[in-house]
Amino acid sequence: MAAHQEKKLAEERKHQNMQNDTKTSQGQWGRAWEVDWFSLASILFLLMFAPLIVYYFIMSCAQYQCSLTDPLLDLLTGNKHLSDIWNRTPMLTYRAAAIYSLWVTFQVFLYVSVPDFCHKFLPGYVGGVQEGAVTPAGVVNKYEINGLQAWIITHVLWFANAYCFHFFSPTIIFDNWIPLLWCANILGYAVSTFAMIKGYFFPTNAKDCKITGNFFYDYMMGIEFNPRIGKWFDFKLFFNGRPGIVAWTLINLSFAAKQQELYGEVTNSMILVNVLQGIYVLDFFWNEAWYLKTIDICHDHFGWYLGWGDCVWLPYLYTLQGLYLVYHPVQLRTDHAMGVLMLGLLGYYIFRMTNHQKDLFRRTNGNCKVWGKKPEYIECSYTSVDGTKYYSKLMTSGFWGWARHFNYTGDLMGSLAYCLACGFEHVLPYFYIIYMTILLTHRCIRDEHRCSSKYGKDWKCYTAVVPYRLLPGVF
């Protein structure tokens, strides 16, 4: 009887500990349950001003030859009124609406209706049906990885039109750039609003939802972790990877075509921007299966931050270098061009090899060689919402022994190369490196806060072994 009672008490204690672990996991793994005043202020600022920032940059190029100060000076001195600038801004057109609707519809079709075939004949490429990471609720979602295929099909059709069919001009994107901006905003706000309504009333997985009760925070950061329609249409993967990133290289090609039309040549700076950013985009799609393990998919909920950001912020502000070079063509000296190319390629090498080391380490569970020897690591564990305990390893050798986010360091080197290709006449093309530095530094801090909550004391052991975030010996 006493043994039975002792067993029962032990089971109750185990159950209570599991509940406590679950509460900790629910409260800290993923985005917040509660909103502090600084987070709320930041979110209100972004909701109010991020769309205006995008408009200001694009308007500055269209009306002020890419000067960021002249519009302000005109307004402050009374030479222009806001109405003057707004009245010169192209409005939404039926043509732009038709182009954008056709574009998004085509990408949805490629995403949900054309199973991947690239993995069947491209050695080393991982496509087709793949599993994502474990969600806080313990769910493992499956994804149809076919982004590379969508990119290839889209660009084959683009070049076929440019050189054979001539259904539309290659400059079509540039020629409708601001009207397309209004279309992108409509989609961004529509999908963000739908995602919030869906999260409240018919979520895909209620256990992976977080509702703070603060409308602005929930709208911005999202309620659902992995909102889906049907079995395969995943909001996060589609909007993060398509249509914005597929369009990135098409946008740059359209800018190059416009430069050819206006000046009779494509400058080496425009070629550099197209090549370096094209490598980055192709890398994204080649490693789309790896992307399922990144912070966007593994931690972020789907709200305005991702929905509007992927529709508007990404295609409009990540392509500023090409847009700038249409208005200010720059022919670089050979040594300058080679320096930019080398910096971009070195940054890409560090970015790719750092991510490759982590991916190899994960796939082999540490049974591999990094830089010719067995990798070192810290053992750690975490608990999902359903109480299941999982075990993981954090690598502390290779590039990951230099800094905890050395892949971001390579990313920033590539970002700087894009900007340096534009010369030094204006600050506008350098917005990208400034923004990426802020974004990736914030991501470091945000990711490490989550990891600290997720792994607890194991994370402290890891940071003691790898003390720097981005730059060894500095930060």
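The values are calculated or read from the model by the stated rules, or taken from the named source; none is laboratory data. Just so it is clear, the model here is predicted, and its values are computed rather than measured. So basically every Cβ, Gly included, is an ideal-geometry build from the backbone, and we count neighbours across all protein chains shown. All accessible areas refer to the heavy atoms of the entire protein, side chains included, with ligands and DNA or RNA removed. Shrake-Rupley method; radii C 1.70, N 1.55, O 1.52, S 1.80 Å.
Straightening the chain between Ile271 and Phe215 buys 15.7 nm, computed as 0.36 nm per residue apart minus the Cα-Cα spacing. The three principal axes of the C-alpha atoms in the range 333-474 carry coordinate ranges of 58, 33, 28 Å, sorted with the longest axis first. Take Arg363: with every protein chain present and a 1.4 Å probe, its accessible area is about 150 Å². Averaged over residues, the count of other Cβ atoms within 10 Å places the peptides 413-426, 208-221 in the sequence 413-426, 208-221, highest first. Overall, the chain carries a charge dipole of about 1320 debye about its Cα centre when +1 sits on the Cβ of Lys and Arg and -1 on the Cβ of Asp and Glu, all other atoms neutral. Ligands, DNA and RNA aside, Lys369 has an accessible area near 150 Å² when probed at 1.4 Å. Calculated [222 nm] ellipticity per residue, helices only, for the chain: -19500 deg cm²/dmol; basis is -39500 (n - 2.57) per DSSP H run with n ≥ 4, divided by all residues, nearest 500. Could you pull out which residues in the range 413-443 have an amide N less than 19 Å from a spot 7 Å beyond the Cα of Leu72, following the Cα-Cβ vector? Of the residues in the range 413-443, 425-436, 438 have backbone N under 19 Å from the label point off Leu72. All C-alpha to C-alpha distances of the range 90-331, sorted into 5 Å bins beginning at zero, yield P(r) values of 1, 6, 13, 17, 18, 16, 13, 9, 5, 2, 1, 0 percent in whole numbers. The relative contact order of the chain, computed from alpha carbon pairs under 8 Å that lie at least 6 residues apart in sequence, is 18 percent. Bridgeable lysines around Lys258 (alpha carbons under 22 Å apart, same-chain partners fewer than 8 residues away excluded) are absent. All C-alpha to C-alpha distances of the range 34-151, sorted into 10 Å bins beginning at zero, yield P(r) values of 10, 20, 21, 25, 17, 6, 0 percent in whole numbers.
Mind scanning Lys236/Lys389; Lys142/Lys389; Lys120/Lys210; Lys120/Lys454; Lys373/Lys460; Lys198/Lys393 and naming the pairs with a C-alpha gap bigger than 31 Å? Violating the 31 Å Cα-Cα cut-off are Lys120/Lys210; Lys120/Lys454; Lys198/Lys393. Principal axis extents of the C-alpha atoms in the chain (largest first, rounded to whole Å): 92, 52, 48.
When all protein chains stay in place and ligands, DNA and RNA are ignored, the 1.4 Å accessible-area order of Phe238, Phe38, largest first, is Phe38, Phe238. Taken as entire DSSP H runs, the helices of the chain that both span 24 Å or more between Cα atoms along their own long axis and average -1.0 or more on the Kyte-Doolittle scale are 37-64, 94-113, 177-201, 244-263, 268-286, 334-363, 431-455. Per-residue extension of 0.36 nm, minus the Cα-Cα distance of Lys231 and Arg446, leaves a gain of 74.4 nm for this segment. Summary of the geometry: the range 410-448 and the range 121-189, compared by the centres of their Cα atoms, lie 24 Å apart.
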